[in-house]
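Handing you this structure, nothing more for now.
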Amino acid sequence: MGKLENKLKLKKIKIGILGGSFDPAHQGHLAISKEAHKKFDLKLIIWAITNQNPFKKKTSKNLKERINFCKKFIKNSKFIKIKYFEDLINSNKTTDLIDYLHRKQKYELFFLIGADNLVKFHKWHKWKNILKKSKLVVFDRHGFKKSSLNSKTYKNSTNKTVTFVEFNKVNISSSQLRKI
């Protein structure tokens, strides 16, 4: 095999991971997925649904209802897949999901979060491991730009580990939708 064939064989598939409880999924999730798909040339975005976000109170809908709603919500998006990994990896920790996908060695991982999550990212379980094995892509959220750019994680990162994306935000959140 020549050098070109080796290079093509080693090229990794770029995928994005957007984790959360998706209680419920909304236009903001879709907007950042579309933006990441386009901006980083991602072949696939995985919405990794968690049974229970460790930083949030109990979800209003059960896991099956949330998965089914997400599948209906993204039905026209060919590049988004809905996955539940917790039974497979025996964990609800992001670092364990990143480890699992990283071990496959065929993916270049882009972990997608909102700017509100960057503020406390340094409190996530093994957060440095997430940065080591994936590119953290942070999407601006209304009212969080200043605090996220002043966060411990952002201040101690490089452009190779954390990318801050400003885009036309959808000013909605799952918690706001649950109040309706």
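Rule-based calculations on the coordinates, nothing more; no lab input. A quick note: this is a predicted structure, and the numbers were derived from the prediction, not measured. Virtual Cβ from ideal backbone geometry, glycine too; neighbours counted across all protein chains shown.
Past the 29 Å Cα-Cα mark, which pairs from Lys81/Lys126; Lys12/Lys64; Lys12/Lys57; Lys34/Lys146; Lys39/Lys126?
Listed pairs above 29 Å: Lys12/Lys64; Lys12/Lys57.
Another question about this same structure. Tilt of helix 94-103 relative to the longest C-alpha principal axis of the chain, in degrees (0 to 90, nearest 10)?
Roughly 20 degrees, rounded to the nearest 10.
Okay, helix-only estimate at 222 nm for the chain: each DSSP H run of n ≥ 4 adds -39500 (n - 2.57), divide by all residues, round to 500 deg cm²/dmol; what do you get?
Rounded to the nearest 500, the figure is -10500 deg cm²/dmol.
Rg(Cα) of the chain divided by 2.2 N^0.38 Å?
Working it through for the chain, the quotient is 1.03.
Could you work out how far helix 63-73 tilts from the main Cα principal axis of the chain, as a 0 to 90 degree angle to the nearest 10?
Roughly 70 degrees between the two axes.
For region 8-102, rounded, prolate or oblate, judged on the Cα gyration tensor with a ≥ b ≥ c (square roots of eigenvalues), a/c < 1.5 rounded, else prolate if a/b > b/c?
Oblate, because a/c is 1.5 or more while a/b does not exceed b/c.
Follow-up. Can you compute the FRET efficiency between His142 and Gln105 using 1/(1 + (r/R0)^6), with r the Cβ-Cβ distance and R0 = 35 Å? Round to the nearest 0.05.
That gives a FRET efficiency of 0.40.
May I ask you to sort His125, His102, His29, His37 by Cβ crowding, counting other Cβ atoms within 10 Å and putting the fewest first?
Least to most surrounded, the residues fall as His125, His102, His37, His29.
Another one. Under the 0.36 nm per residue contour assumption, what length would be gained going from the current alpha-carbon distance of Val165 and Lys81 to full extension?
Length gained, Val165 through Lys81: 28.0 nm.
Run down the lysines and flag those whose C-alpha is under 16 Å from the C-alpha of Lys61, throwing out any fewer than 8 positions away in its chain.
Lys71, Lys72, Lys179
Roughly speaking, what is the centre-to-centre gap between region 14-85 and region 113-157 when only Cα atoms are used, to the nearest Å?
18 Å
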